[in-house]
Amino acid sequence: MQALKRLRRLFIAACGLILLLGTLAALPAAAQTADYQVRPRLDFTFLHLGLEMQVDPQQGAVAGEAAWRVEANVDGADSLVLDAAHMEIESVSVDEAEADYHMHNDSLFVFVADSTVRGAIHRVNVTYRAEPRFGLLRSDNGTVWTSRLPLSNRHWVPLPDHPRVRFTLALSVSVPSGYRVMAPGRRTGEQLESVDRVTYRFESAEALAAPDLAWAVGRLEVDETSFGSKRIQLYTEQGAAGDSLRQALLEEAYETLDELEEAAGREYPVHGCTCCCWTITSGRPRAGAPPRSSSTGIWDPCRRSCEGGWPPSGSEPGSARSAGPTPRP
């Protein structure tokens, strides 16, 4: 234990300000409700998002297509509203037919050709470009990640940006070769598109709250261990952490999951947890609020990322845990 404490102090002294994000879908959106409407008008239920993005980490630019599957909640709705702040909308379609749309006050109004019937399923596709001035952060080493501040996701993807909106996800992110992507859900594929670009794919069958949609892109190293049938992943910037520190962080996450299961008396309910760390030693993030740190900043996010995966009381637990190997680097 004393050795770990010394390791923590040494790493903090060596790296300056350390920022660790928890699970990219971890911190409960309910904890950040001050900026949201209490009872938003939702004429549609947002069931699923298929999002394809190209990310330019140097420019902090995003080009994408958001494919929504929605269900009408009322009869007679003639438009669907998405939050889309300072975006260039290139095209919109509803049920594979070109649709009229209008931008007003950072909202995208998509007009449905025929007024809706309650329970009807529609597919809404939006092609867009964005260079967010808010909602993206950058480390000194060029890692770019979403800030997850309230009302920030609308700056890089058109969506109903409210914690009451939950949907499943299929995410595809194209980045320059040499970069990795961290995102919620399970990574389902990695494909070299050309000598210059690689695409990473993720899926989440567990519904995410809209503010919990997030990602990070950088020159990252990945370490994993198993917690029974679940995975613990650690992303670090190349050269930012030595083998001993990465091992210690994995052990911290493993022990946290074990403590959570013992305290709750049931299995951890999602497929695993993910944490990451990178350094900011000078200057300011590109956009959004500057990160905060504390003397325990390097360890708290591992616990927060695990605790954040625990759903509200009454949610169904995940698959049964079996004895797994001890953490490894």
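A few remarks follow.
- Of all residues making up the range 84-112, the number that are surrounded by fewer than 12 Cβ atoms within 10 Å (Cβ to Cβ) and among the hydrophobic types (A, V, I, L, M, F, W, C): 1
- Candidates Val62, Val117, filtered to the one that is surrounded by fewer than 15 Cβ atoms within 10 Å (Cβ to Cβ) and among the aliphatic types (A, V, I, L, M): Val117
- Lone unmet requirement of (1) aliphatic (A, V, I, L, M); (2) within 30 Å of Asp140 (Cβ to Cβ); (3) assigned to a strand (DSSP E or B) for Leu47: (2)
- Residue list for the range 209-237, restricted to those being closer than 24 Å to Arg138 by Cα, of a type outside the set (Lys, Arg), touching a Lys or Arg at 6+ places or on another chain (Cβ under 8 Å) and in contact (Cβ under 8 Å) with a residue 60 or more places away in the chain: Ala209, Ala210, Pro211, Asp212, Ala214, Val217, Gly218, Leu220, Asp223, Glu237
- Residues (touching a Ser or Thr at 6+ places or on another chain (Cβ under 7 Å) and of a type outside the set (A, V, I, L, M)) located in the range 38-72: His48, Glu52, Gln54, Glu65, Glu71
Residue-by-condition table, conditions (1) surrounded by fewer than 21 Cβ atoms within 10 Å (Cβ to Cβ); (2) over 17 Å from the mean Cα position of the chain (by Cα); (3) among the β-branched types (Val, Ile, Thr):
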{"position": "Leu171", "(1), (2), (3)": "no, no, no"}
{"position": "Pro176", "(1), (2), (3)": "yes, yes, no"}
{"position": "Glu190", "(1), (2), (3)": "yes, yes, no"}
{"position": "Glu193", "(1), (2), (3)": "yes, yes, no"}
{"position": "Thr199", "(1), (2), (3)": "yes, no, yes"}
{"position": "Glu206", "(1), (2), (3)": "yes, no, no"}
{"position": "Asp212", "(1), (2), (3)": "no, no, no"}
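- Residue in the range 191-199 that is hydrophobic (A, V, I, L, M, F, W, C) and at positive phi present: no
- Residue in the range 178-188 that is surrounded by the fewest Cβ atoms within 10 Å (Cβ to Cβ), counting only those that are free of Cβ contacts under 8 Å to residues at least 60 places away in the same chain and basic (Lys, Arg): Arg187
- Residues of the range 138-159 that turn out to be of a type outside the set (Gly, Ala, Ser), closer than 30 Å to Thr45 by Cα and buried (at least 20 other Cβ atoms within 10 Å of the Cβ), as a count: 10
- Cβ pairs under 6 Å, 6+ apart, first in the range 116-139 and farther than 22 Å from Ser152 by Cβ and touching a residue at least 40 places away in the same chain (Cβ under 8 Å), second polar (S, T, N, Q) and assigned to a strand (DSSP E or B): Asn125/Ser93
- Wholly enclosed strands (runs of 3 or more DSSP E) of the range 166-280 bearing at least 3 residues of a type in the set (A, V, I, L, M): 166-176, 197-209
- Residue list for the range 63-117, restricted to those being acidic (Asp, Glu) and either touching a Lys or Arg at 6+ places or on another chain (Cβ under 6 Å) or outside any strand (DSSP E or B) (or both): Asp75, Asp78, Asp83, Glu88, Asp95, Glu96, Asp100, Asp106, Asp114
- Test set (1) in contact with a strand residue (DSSP E or B) (Cβ under 6 Å, 6 or more places away or on another chain); (2) more than 11 Å from Thr274 (Cβ to Cβ) - Gln233 fails condition number: (2)
None of the figures in this text is laboratory data; all of them are computed from the coordinates on show. Not measured: the values here are computed from a predicted model. Please note: Cβ atoms are built from the backbone with ideal geometry, for glycine as well, and neighbour counts cover all protein chains shown.
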